[in-house]
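**Q** Following this message is one structure expressed as structure tokens.
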Amino acid sequence: MPNRERLYRWLGQGTLGVCALLAAVALHAQAANRQVPTVQAPAPADGPLTERELAIVPKVYVGLKQCELGRSVRIEPDADAPGYFHLTMGQQRFRVRPVETTTGAVRLEDRAQGAVWIQLPNKSMLMSQRQGRRLADECANAVQRAAAEAMKANPSPHLLDVAQSPPR
């Protein structure tokens with residue numbers, strides 16, 4: 001008889017466990033299907049640039065840049081707002097401002113539209129923060145193409161090669 005009581009107790013506990021698991025799965029499915037409205041914070045108003053941001057302005061390459069896949073990007077200064085630029089790619093137009101970086105790259109942002117322009121010595125790229133992808137890559141003017149060729153002709157040593165070379 002004690003074995004039968006143990007069996008009933010075990011079946012009862014197992015049934016309760018299965019019911020609890022099914023209830024948890026159902027609640028999780030309801031929560032996953034529920035639409036939660038998202039509220040986007042308004043884009044900050046374009047205010048005056050700081051001295052550090054203004055120091056970036058002369059480093060920006062203005063004019064037309066040819067990109068991969070036959071695309072092109074044009075950057076022109078905003079005549080009405082010193083330090084701001086108009087960036088155009090096809091039918092898309094962005095009003096960008098310089099942003100400080102710790103890497104030395106030139107970074108221009110249109111916070112309202114989520115566009116970011118990154119300018120390196122050998123190439124530039126346009127990215128969409130909202131879409132999470134590059135809109136244009138390998139964009140370069142004559143100065144950047146020359147820098148890219150120089151980097152190919154004189155590659156910097158590999159990090160591990162430098163670490164293993166004997167001190168002089």
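**Q** Kindly list the number of the only condition in (1) among the charged types (D, E, K, R); (2) within 20 Å of GLU51 (Cα to Cα); (3) in contact (Cβ under 8 Å) with a residue 12 or more places away in the chain that fails for LYS123.
**A** Unmet for LYS123, out of (1) among the charged types (D, E, K, R); (2) within 20 Å of GLU51 (Cα to Cα); (3) in contact (Cβ under 8 Å) with a residue 12 or more places away in the chain: (2).
**Q** Continuing with the same structure: Residue under question is GLN129, and the condition is that it be surrounded by 13 or more Cβ atoms within 10 Å (Cβ to Cβ) and within 13 Å of the chain's Cα centre (by Cα); does it hold? So that I can check it myself, show each step before the final result.
**A** Numbers: surrounded by 13 or more Cβ atoms within 10 Å (Cβ to Cβ): yes; within 13 Å of the chain's Cα centre (by Cα): yes.
Yes: the conditions hold for GLN129.
**Q** If you take the residues in the stretch 51-70 that are under 22 Å from the mean Cα position of the chain (by Cα) and either assigned to a helix (DSSP H, G or I) or of a type in the set (Phe, Trp, Tyr) (or both), which one is surrounded by the most Cβ atoms within 10 Å (Cβ to Cβ)? Steps first, please.
**A** So the first thing to find is which residues in the stretch 51-70 are under 22 Å from the mean Cα position of the chain (by Cα), and the list is 53, 56-57, 59-61, 65-69.
When the remaining residues are screened for being either assigned to a helix (DSSP H, G or I) or of a type in the set (Phe, Trp, Tyr) (or both), the result is 53, 56-57, 59, 61, 68-69.
Details: GLU53: 14, ILE56: 20, VAL57: 18, LYS59: 11, TYR61: 15, GLU68: 13, LEU69: 7.
Within the stretch 51-70, the match that is surrounded by the most Cβ atoms within 10 Å (Cβ to Cβ) is ILE56.
**Q** From GLY90, GLY83, GLY70, which residue is touching a Pro at 6+ places or on another chain (Cβ under 8 Å) and at positive phi?
**A** GLY83
**Q** On to the next question. Please name all residue pairs, on different chains or six or more residues apart, with Cβ atoms under 7 Å, provided the first residue is in the stretch 98-114 and is closer than 17 Å to LEU135 by Cα and the second residue is modelled with pLDDT under 95 and in a loop (DSSP other than H, G, I, E, B).
**A** Here the result reads ARG107/THR101; ARG111/ALA43; ARG111/PRO44; ALA112/ALA43; GLY114/GLN129; GLY114/ARG130, each pair linking the stretch 98-114 to a residue that is modelled with pLDDT under 95 and in a loop (DSSP other than H, G, I, E, B).
The values are calculated or read from the model by the stated rules, or taken from the named source; none is laboratory data. Here the structure is a predicted model, which means the values were calculated and not measured. Cβ sites come from the backbone with ideal geometry, for glycine too, and all protein chains shown count toward neighbours.
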